[in-house]
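Each reported figure results from applying straightforward, stated rules to the coordinates on display, with no laboratory input. Small disclaimer: the values here were computed from a predicted structure and weren't measured. Reconstructed Cβ throughout: ideal geometry from the backbone, glycine too, with neighbour counts over all protein chains shown.
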Amino acid sequence: MAEFVTVADVFEEMKLELVNQGTGLERKVETIEVNRPGFALSGFLMYYPSERIQILGRTEMAYLHSLPEEDIKDRVLRMCSFENTPCFIFTRGLDIPAIFMEASEKSGIPLLRTHHSTPRLLSQITSFLEIRLAPETLVHGVLVDVYGIGILMTGSSGIGKSETALELLKRGHRLVADDAVEIRQISDDTLVGTVPPLLQYLLEIRGLGVINAMTLFGAGAVRTHKRIEMIVELEAWEEGRPYDRLGLDDVKKKILGVELTSVTVPVRPGRNLAVIIEVAAMNQRLKRMGYHAAKELSEKLLSSIQDQG
Amino acid sequence: MITTTVTLIFPEGMHARPASELVKLAGKFNSEIRIGQNGKFANAKSILGLMSLGIAGGTPITIECDGQDETEAMEKVSRFLTETA
């Protein structure tokens, strides 16, 4: 998980212009939020989030210029006195006052500039930081897209995850990642799985070795990333173990703090796992649309019992 | 669960051949065996997972074993990573 990005990363990604040549590009950005320091410019520094990237646009600069000379100096010096401010970014290619150049040079805070407008920069920079600073984990499993539902298959080694993925590919579904899935939490309730770059489109099948799903099945058979909606856990069939026979209660499992619907499918020779997973995906879609087969059965049963009584 | 950190002996790092040997070795144990560095871990029974880590030779790697035969697994795996050349 990336705990920070450097100002240099932001600088390169956003194609910014570095105004004060020199150091400071190694400074760390640790928050996703950015700040427009309007209140700070007016001299109100209580709750000033100095640890955020500070963005100054036309409004901020116009306000600053409207102040008397000594006030401008005072505000700029105070804003540049925070050790933890990663950088200042000026939008619309605005001119930067000499006092800002001097003060930032002293404190080593980089001044960056873009020709974009403030709202545009804000949205670009926030989505960049959201992706780069999102909590991340590597999971042992296979991620497939079945009828548009991202399914993470987990289970111990050799249980048949990759073989099931292969069967699903033959049935026209898509592979995202085999064996190692990088999972990022991009919002409070959304997990997105990708494949580590080195393993892109590869599958490992016992007895065949490593095969490439894209060259074998075509570009339509693979995806680079997919939102994960459910977990299917494969486990060896054990006689006498109670398996869910109704599916009345949704079992949830947590990855990075996000709850996902989880089903456990026992594996036994002769059970067609690909079909079971296809149906699990379709059933998940039905539930999302509001139809729950097990619940409906249970309700019908209840009302028929009540009718008798 | 037991954890150890060792230095990988293979000069070329965890490339295809040592990874496939390690997977064979790890597969002999019931324990869950995880290998990684810098907070990124992969299951030692998964060849693609191991290769995705891209571990360089001479760097410290952490081994985690969890299960009934964890002591024996740890001993064999750490010996494989530090002594096989």
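For chain B, the longest principal axis of the Cα atoms and the long axis of helix B:16-26 meet at an angle of about 10 degrees.
Taking the three principal axes of the alpha carbon atoms in region A:123-219, the coordinate ranges are 46, 29, 26 Å, sorted in descending order.
For region A:135-297, the C-alpha radius of gyration divided by 2.2 N^0.38 Å, with N the number of residues, is 1.01.
Listed values for region A:187-198 are Karplus-derived 3J(HN,Hα) couplings in whole Hz (6.51 cos²θ - 1.76 cosθ + 1.60, θ = phi - 60°), namely 8, 3, 10, 10, 10, 10, x, 10, 9, x, x, 5, and x replaces Gly and Pro.
With R₀ set to 56 Å, the beta-carbon distance separating residue B:84 from residue A:69 gives a calculated FRET efficiency near 0.15. Pairs of Cα atoms nearer than 8 Å and 6+ residues apart set the relative contact order; for chain A it is 14 percent. Relative to the longest principal axis of chain A, what angle (0 to 90°, nearest 10) does the C-alpha long axis of helix A:273-289 take? Result, in degrees: 60.
Annotation: amide H-H contacts under 5 Å for residue A:29 (H modelled 1.01 Å from N, sequence separation of 5 or more, or interchain): A:5, A:6, A:7.
Pairs of Cα atoms nearer than 8 Å and 6+ residues apart set the relative contact order; for chain B it is 46 percent. Once you sort the root eigenvalues of the Cα gyration tensor of region A:1-83 as a ≥ b ≥ c, which label holds: rounded (a/c under 1.5), prolate (a/b larger than b/c) or oblate (the other case)? Since a/c reaches 1.5 and a/b is larger than b/c, the shape of region A:1-83 is classed as prolate. Every helix of 4 or more DSSP H residues in chain A counts as -39500 (n - 2.57), and over all residues that averages to -10000 deg cm²/dmol at 222 nm. 3J(HN,Hα) along region A:52-58: 8, 5, 9, 10, 10, x, 4 Hz, from the Karplus curve 6.51 cos²θ - 1.76 cosθ + 1.60 with θ = phi - 60°, whole Hz, x for Gly and Pro.
Relative to the longest principal Cα axis of chain B, at what angle does helix B:70-83 sit, 0 to 90 degrees, rounded to 10? That helix lies at roughly 20 degrees to the long axis. Peptides A:286-297, A:77-88 ranked from most to least packed, by the mean per-residue count of other Cβ atoms within 10 Å: A:77-88, A:286-297. Under 17 Å from a point 7 Å along the Cα-to-Cβ line of residue A:101: which residues of region A:19-47 have their amide N that close? Within reach of a label on residue A:101, which here means backbone N under 17 Å from a point 7 Å along Cα→Cβ, region A:19-47 contributes A:19-23.
Working note: 222 nm ellipticity from helices only, DSSP H runs with n ≥ 4, each -39,500 (n - 2.57), summed and divided by the residues of chain B, gives -11500 deg cm²/dmol to the nearest 500.
Per the Cα gyration tensor, region A:9-48 maps to an equivalent ellipsoid with semi-axes of 24, 13, 11 Å, ordered largest to smallest. Reported to the nearest whole Å, the Cα centre-to-centre distance from region B:1-62 to region A:22-78 is 47. The overall shape of chain A, judged from the alpha-carbon gyration tensor, is prolate: a/c is not under 1.5, and a/b is greater than b/c. State the antiparallel share, in %, of DSSP beta bridges confined to chain A, rounding to the nearest 5. So the antiparallel bridges in chain A amount to around 65 percent.
Close amide H pairs (under 5 Å, H built 1.01 Å from N) link residue A:48 with no residue at least 5 positions away or on another chain.
Looking at region A:155-273 alone, DSSP beta bridges between its own residues are antiparallel in about 70 percent of cases.
When the pairs A:161/B:40; A:28/B:45; A:28/A:252; A:254/A:287; A:287/B:45; A:28/A:106 are compared against a 30 Å limit on Cα-Cα distance, A:28/B:45; A:28/A:252; A:287/B:45 fall above it. Taking 7 Å steps out from each Cα toward its Cβ at residue A:236 and residue A:32 produces label points 4.1 nm apart.
Does chain B come out rounded, prolate or oblate, given a ≥ b ≥ c as the square roots of the eigenvalues of its C-alpha gyration tensor, rounded meaning a/c under 1.5 and, failing that, prolate meaning a/b above b/c? Taking the square roots of the gyration eigenvalues as a ≥ b ≥ c, chain B is rounded.
A crude spin-label estimate for the pair residue A:305 and residue B:28, with each label 7 Å from Cα along the Cβ direction, gives 5.6 nm.
Of all beta bridges that DSSP places with both ends in region A:5-132, some 35 percent have antiparallel geometry.
Relative contact order for region A:135-297: 24 percent, from Cα pairs under 8 Å spaced at least 6 residues apart, divided by residue count.
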